[in-house]
Amino acid sequence: MSRAGDSREVLVSGMRLEAEGVMSLELQALGGEPFAHWQAGAHIDVHLPSGIVRQYSLCGDPEDLRHLRIAVLREEKGRGGSREVHDSLRVGQVIRIGEPRNAFALAPATSYQFVAGGIGITPILPMILAAERAGVPWHLVYGGRSRRSMAFLEFFVPRAGEHVEILPADEFGLLDLQRIAARSAAGAETYSCGPGVLLDALTARFAEQELQGRLHLERFAAAPLAATAGEGDLTVILARSGREIAVPSHCSIMAALREHGVDVPSSCEQGVCGMCETRVLDGEIDHRDMLLTDSERARNNLMMVCVSRAKSARLTLDL
Ligand code: FES
């Protein structure tokens, strides 16, 4: 699978306030060279002028290879990337972006159900275009804090009723997980993106009904570093020097490496970009990234050291 790497310059050709706190950016290929083909569910690295790199889902039309669109939720308590987009970035600026990568691809199915929470609507929108073009029946459950905070409603409102349920929490309360699971029990593959609490609740409900195989999720960030047995005892061994580094339970492997002067390339630090991919020579990996496929995980020879840890007490890295 492709990882972070190549980047290219693009023009910010449009910015639009899509909802309260949600700004969309239209990015135009420079020099008339079209963008590479991408599939619904893909995301890109966006290199902001300050040097911050963030990942955003593509939410435009995959058939328009002259433009890409992303949408950015302003997060006051975030790490600064979204504030830079909202406060400083302007139409006419040139920025760099990475090639589209996809860890949330839409697999063929006879029907789809999409469940979006807030800004999680972004990867879902091109999925709906893809389902419509393929003639596959689909249904969207779109939740958010309030209508004012929910982006792209003008796309969905004309479709409401038959295909679309728009369910802001201040009008309708929490999403009805039982109805969502029932649609998958009837055969729909469910794709969901949104806040962790929504995805955790869906995961639990689908597991209860043994529907895990029909649930496909994209998280905004990696799962939290839940404590596991023996986690505090993790020791990382650097194969090339023989050095041993203790990784405290509250600390990522990447942070422990840095503390000991070992630099690992990184970008997202959330398990979504692949920049910190590291070869593992010995030990059992506890994968917590959003990037590796099941078969890549099963090989137990690569890990994202920004979020993943170990099931064994020792892990030997090719560093
Ligand atoms: Fe992005 Fe680790 S830094 S996956």
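Heavy-atom accessible surface of the range 1-106, averaged per residue, reaches 46 Å², computed with a 1.4 Å probe.
Ignoring ligands, DNA and RNA, please state the percent of accessible area on the range 1-133 from carbon and sulfur, probe 1.4 Å. That share works out to 49 percent. When exposed loop sites are taken as GluC sites (Glu not before Pro) in a DSSP loop with at most 16 other Cβ atoms within 10 Å, the longest stretch of the chain clear of them is 77-161. The residue among Ile52, Leu292, Ser192 whose Cα reaches farthest toward the positive pole of the charge dipole of the chain, with charges on the beta-carbon of Lys, Arg, Asp and Glu, is Ile52.
The phi torsions of the range 133-139, fed into the Karplus equation with coefficients 6.51, -1.76 and 1.60 and a -60° offset, translate into couplings of 5, 7, x, 9, x, 9, 9 Hz, rounded to whole numbers, with Gly and Pro shown as x. Normalised per residue, the accessible area of the range 167-319 is 48 Å², obtained with a 1.4 Å probe and no contribution from ligands, DNA or RNA.
The values are calculated or read from the model by the stated rules, or taken from the named source; none is laboratory data. In this text the structure is predicted, and so the values were computed from the model without any measurement. We place every Cβ from the backbone using ideal geometry, glycine too, and count neighbours over all the protein chains shown. Ligands, DNA and RNA are excluded from the accessible area calculation, which covers all protein heavy atoms including side chains. Shrake-Rupley method; radii C 1.70, N 1.55, O 1.52, S 1.80 Å.
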